[in-house]
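Right, one structure below, let's go through it.
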Amino acid sequence: MSLTAGVLAGCGPATDDAKPADSKPPATASSSTSAKRLTAYDPPQWFDARGKVLLPEAATKGRTNLAGQVRGGGEDLPVLLHETRAFVASPTGIQVVDLADGRILGEESARGEALRADSDGFVLPPVMAGSEVLVPFLLTTPASGTHTAGAMVELVAVSTAPPYKAAWRTNIKLPEWAFQSSNKVKVAAVGAEGGTAVVTVTGDDEAVSYGIDTASHALRWTQPGLRAVHTGTGMAVGLLHAEPLTYIPLGVDLATGTEKWRGEKIYAARMDAVGPGTVRVAGPQVGERGDQLLDVTTGKARATMPPGLRSASCTYDRAATLVCTPGFAVVAVDAATGKQLWALKDGDAGRTPPKVTAVWHGRIYGRAAGGPVVLDARTGADMPTKPEVAPLLVTEYTGLVLNDDRLYGYPAGG
């Protein structure tokens, strides 16, 4: 993903009431080279506050609201978790953090001035490309001679091995509209496959997507008007701007940018990546076909989502389930068939839906009236272990928890 399906914000303050010492699992070796080690649990059932580490301020700068929540949710944070490390991006740099002890293992900086003065809260997470992490920076190109100032993307590939430095970088000149609407423009590294990385830039009602060769670092293709949201199975897929507030689902060949399919115009369309080879397209049309799961290779509908979810955010758990949060309810949908698995609404069987903060590998993490909870994503049942905190992002090694507007990594527990 970028995946770009949003997790709802809403993690409360972290607590320090961790598991008793005799329940902590024995440490095992991990990919971290530090003296402290993290143990993998897939998926984690709880998180140990005794081993929490502080992430750089860039992880949450400009992200929190007055309620102490992260706007947009955890999957919009400028953080990529990879094994026992966190890659934290800012408007002009990236830091690599050891999640076992909080050490900064490496840093890289953009070679230019940030395009947006207020861009801290709009940086999206980096993405993996083999053994490298791709992070795009929106930069200005200063005026020179008769050439006016403009905007560009600098795409930097940072190695996932020590010393965590840039393996390569390349620049892409942006259209004039990106400079003119610089106060609203955003950049996203969408993904990479088969030697091609995709970067999308959006601003106001404009967009452009680029395919970059990860070996030669040259620009392979440009698709004006396309906001790409998914790469995979040899395709880049997104929404093509057709006219004001109207979009067309479009799939292009990942290597060449050649159009492979296009759908029908959709007013106020929304598209999110929701699994390998699948995107969700929703619009406010009347009828049950206004919310569908599309095959990215053909653009054909794989399934229709259950009714009542069209305006709801749904997050793929990177296993088999979409977790949707319409209003104050939680609904689980099978990512392959679009069939509703279960729904939890206020008052159902004496239960209260939790505020969902993260979903991962068959688990739903959140906060309910009684504190942090973990649910089984396939059945909706409460898991018996108290998770101690409600994380915003989860992997087998860690959960990232918001506490006093700062982000902390908590070691995963079994």
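The distance between label points at LYS186 and ARG50 comes to 4.0 nm (points 7 Å beyond Cα on the Cα→Cβ vector).
Which order do LEU115, LEU54, LEU392 fall in if you start with the one that has the fewest other Cβ atoms within 10 Å? Please list the in-between numbers first.
Working: LEU115 23, LEU54 13, LEU392 27.
Final ranking by Cβ density, sparse to dense: LEU54, LEU115, LEU392.
Are there chymotrypsin sites (Phe, Trp or Tyr not before Pro) in the stretch 318-366 that DSSP puts in a loop and that have at most 15 other Cβ atoms within 10 Å, and which ones? Those that pass, being in a loop and sparsely packed, are PHE328. By the rule of a C-alpha distance below 21 Å, with chain neighbours fewer than 8 residues away ignored, the lysines paired with LYS345 are LYS355. Annotation: the stretch 345-414 has a Kirkwood hydrodynamic radius of 12.5 angstrom, from the mean reciprocal C-alpha pair distance. Simple spin-label estimate for ASP346 and ALA166 gives 5.1 nm between the two label positions (7 Å along the Cα-to-Cβ direction from each Cα). Here's the picture: a label point sits 7 Å out from the Cα of ALA329 along the beta-carbon direction, and within the stretch 360-378 nothing has its amide nitrogen under 11 Å of it. Return the loop-located GluC sites (Glu not before Pro) in the stretch 54-90 (DSSP other than H, G, I, E, B) with at most 16 other Cβ atoms within 10 Å of their own Cβ; answer none if there are none. Filter output for the stretch 54-90: GLU83. Rg over Rh for the stretch 35-188 works out to 1.02, using Cα positions for both radii and the Kirkwood form for Rh.
Of all lysines in the structure, the ones whose alpha carbon falls short of 30 Å from that of LYS265, not counting any fewer than 8 places away in one chain, are LYS173, LYS184, LYS186, LYS300, LYS339. Magnitude of the charge dipole for the chain, about its Cα centre and with charges confined to Cβ atoms of Lys, Arg (+1) and Asp, Glu (-1), is about 280 debye. Of GLU107, GLU154, the sequence from fewest to most neighbouring Cβ atoms within 10 angstrom is GLU107, GLU154.
The ranking of PHE47, PHE137 by Cβ neighbour count inside 10 Å, starting from the fewest, reads PHE137, PHE47.
Dividing the Cα convex hull volume of the stretch 192-295 by residue count, how many Å³ per residue is that? Before the final figure, lay out the partial values.
On the way: hull volume 8.8 nm³, N = 104.
Normalising the Cα hull of the stretch 192-295 by residue number yields 84 Å³.
Here the label points at GLU243 and ASP118, each 7 Å from Cα along the C-beta direction, are separated by 3.2 nm in the simple model.
For the pair THR148 and ASP101 in one chain, pulling the backbone fully straight at 0.36 nm per residue adds 12.3 nm over the alpha carbon distance.
GluC sites (Glu not before Pro) within the stretch 193-269: which are DSSP loop residues with at most 15 other Cβ atoms inside 10 Å?
Working: sites: GLU193, GLU206, GLU259, GLU264; in loops: GLU264.
Those satisfying the criteria are GLU264.
Using the average count of surrounding beta-carbon atoms within 10 Å as a protection proxy, the listed peptides 379-388, 124-133 rank, highest first, as 124-133, 379-388. Just need log10 I(q)/I(0) for the stretch 21-413 at q = 0.08, 0.09, 0.11 Å⁻¹, Debye formula, equal scatterers on the alpha-carbon atoms, no solvent, rounded to two decimals. Values returned for q = 0.08, 0.09, 0.11 Å⁻¹ are -0.43, -0.54, -0.83.
Read-outs: derived from the displayed coordinates by stated rules, not from any lab. From a predicted model like this one, the values you see are computed outputs, not experimental measurements. Note that each Cβ is placed from the backbone with ideal geometry, even for glycine, and that neighbours are counted across all protein chains shown.
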